[in-house]
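Trainee: The following block contains the structure, expressed as structure tokens.
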Amino acid sequence: MGKKYDELMKLKGKITEEGETIKSVSEKAGMNRNTLAGKLEGRTAFNITEIYKIVEILNIDSKNINQYFFTIWL
């Protein structure tokens with residue numbers, strides 16, 4: 001699996017770790033559930049507003065944001 005998907009898998013794991021679901025995160029972030037699911041599958045990228053909301057919802061430390069969102073996709 002490519003590096004892009006490794007980070008998305010970490011993000012899915014963080015959702016579970018925080019006791020959330022795709023549905024609950026999408027609702028809290030004001031996103032459609034299918035939109036969030038597609039982004040977690042790598043079909044489309046997160047925009048900065050979505051990242052900010054998800055970081056807040058999942059209690060991701062600012063020092064660790066790059067582990068979930070910002071990587072070089074080769």
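Trainee: Can you tell me the FRET efficiency between Asn34 and Met9 if r is taken as the Cβ-Cβ distance and R0 is 30 Å, rounded to the nearest 0.05? Don't skip to the end; give the middle numbers.
Mentor: Values: r = 19 Å, r/R0 = 0.64.
Computed FRET efficiency for Asn34 and Met9: 0.95.
Trainee: If I model a spin label at Glu56 and Glu27 as a point 7 Å from the Cα along the Cα→Cβ vector, what separation in nanometres do I get?
Mentor: It is 1.8 nm.
Trainee: Something else about it: Among [x] 43, 24, 14; [y] 31, 26, 21; [z] 61, 32, 20, which is the computed Cα extents along the principal axes in Å?
Mentor: Of the labelled values, this structure produces [y].
Trainee: How do Val25, Val55 rank when sorted from fewest to most other Cβ atoms within 10 Å of their own Cβ? Could the numbers behind the result be given before it?
Mentor: Values: Val25 21, Val55 17.
Going from least to most buried by this count: Val55, Val25.
Trainee: Another one. Got the relative contact order for the chain handy, in percent, Cα pairs under 8 Å and 6 or more residues apart?
Mentor: Working: 53 pairs, mean separation 35.2, N = 74.
So the answer I get is 48 percent.
Any read-out appearing in this document is the output of simple, stated calculations on the displayed coordinates, not a laboratory observation. Small disclaimer: the values here were computed from a predicted structure and weren't measured. We place every Cβ from the backbone using ideal geometry, glycine too, and count neighbours over all the protein chains shown.
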